[in-house]
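The values are calculated or read from the model by the stated rules, or taken from the named source; none is laboratory data. This structure is a prediction, so every number in the text was calculated from the model and none was measured. So basically every Cβ, Gly included, is an ideal-geometry build from the backbone, and we count neighbours across all protein chains shown. To get the accessible areas, we keep the full protein, side chains included, count just its heavy atoms, and leave off ligands, DNA and RNA. Shrake-Rupley method; radii C 1.70, N 1.55, O 1.52, S 1.80 Å.
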Amino acid sequence: MIDKGTSQWEKMSTEIMSGMKEWAAQHPKATFAEIERETMKRMAQLQARIMEAIVREMEAERAQEPVEVLRCPECGAEMHPRGKRKRRMQTQGGQEVTIQRGYLVCPECGAGIFPPG
Ligand SMILES: [Zn+2]
């Protein structure tokens, strides 16, 4: 299950927290607004890294499952897997998360899709 990555997540959050402590030590006169901006930036980074880790683990688990047949949204033909592609997503915090997704191509009309999810 997903909890095998817990220690990795703890390590990430510990890194972010200690980075924040360091920043605070280096900016003893930071204003409330500066502190807020800095913490938000780091929380957004942490969020993006956690999301990447979750997606990666889910993908790894999904790879063990039998592949379901997907039909082309354009013409209804059976889609064929065509390797993996990088897909860039944006979190609401404006951080970029890069994930690897299986990519499907239609042999009939050439339409390409990422499986839903
Ligand atoms: Zn098609």
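Points worth noting:
- Taking 81, 73, 28 in turn, the Gaussian network model of the chain (Cα-Cα springs below 10 Å) assigns the largest fluctuation to 28.
- Residues of the stretch 99-115 with amide N under 15 Å of the 7 Å Cα→Cβ point at residue 82: 101-115
- When 106, 75 are compared by accessible surface with a 1.4 Å probe, the order from highest to lowest is 75, 106.
- 0 to 90° range, to nearest 10: angle between helix 32-64 axis and the chain longest Cα axis: 30
- Taking the C-alpha atoms only, the angle from helix 6-26 to the longest principal axis of the chain is near 40 degrees.
- Ignoring lysines fewer than eight residues from residue 11 along the same chain, the ones with Cα atoms less than 24 angstrom from its Cα are 21, 41.
- Of the residues 31, 39, ranked by 1.4 Å probe accessible area with the largest first, the sequence reads 31, 39.
- Projected label distance in nm at residue 100 and residue 62, using a 7 Å step from Cα toward the beta-carbon: 1.4
- Virtual spin-label span in nm between residue 33 and residue 113, 7 Å along Cα→Cβ: 4.8
- Short-range pairs are left out: with C-alpha atoms under 8 Å and at least six residues apart, the relative contact order of the chain is 20 percent.
- Inter-label distance, nm, simple model (7 Å from Cα along the C-beta direction), residue 71/residue 54: 3.2
- Helix content alone sets the calculated 222 nm mean residue ellipticity of the chain: runs of n ≥ 4 DSSP H residues at -39500 (n - 2.57) each, divided across all residues, give -16500 deg cm²/dmol.
- Projecting the Cα atoms of 26, 60, 45 onto the dipole axis of the stretch 1-65, where Lys and Arg carry +1 and Asp and Glu carry -1 at the beta carbon, places 26 farthest toward the positive end.
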